[in-house]
1. Rank these for me by crowding, D30, D2, going from fewest to most other beta carbons within 10 Å.
2. With unit charges on the beta carbons (Lys and Arg positive, Asp and Glu negative) and the dipole taken about the Cα centre of the chain, which residue among L31, I43, I15 sits farthest to the positive side?
3. Plugging the Kirkwood radius over Cα pairs into Stokes-Einstein for the chain, at a temperature of 10 °C and a viscosity of 1.306 mPa s, what D comes out in µm²/s?
Amino acid sequence: MDKAGDRLVTLANQIALEELAKVRDIKARDLRLAIWLAKEQEIK
C-alpha cells in the first residue's frame, strides 16, 4: 500500500478507537448512575 493508503488506515483506526472510548465512557457513566440509583432506592 502507498503512504496515503497507510495514513487513511491509521486515521480510520484512530477514529474507531476514539468512538469506542466514547461508548465505553458512556457505559461506565451509566453503570455509576445505575449503582447510585440503586443505593438511593435502598435508602428510601
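1. Numbers: D30 10, D2 7.
Listing D30, D2 from fewest to most nearby Cβ atoms yields D2, D30.
2. Checked the options; the winner is I43.
3. Working: Rh = 13.0 Å.
Estimated via Stokes-Einstein, D reaches 122 µm²/s.
Read the figures in this text as sums done on the coordinates, not as results from a lab. What you are looking at is a predicted structure, and each value in this text was computed from that prediction instead of being measured. For neighbour counting, all protein chains shown are included, and Cβ atoms are generated from backbone atoms with ideal geometry for every residue, glycine included.
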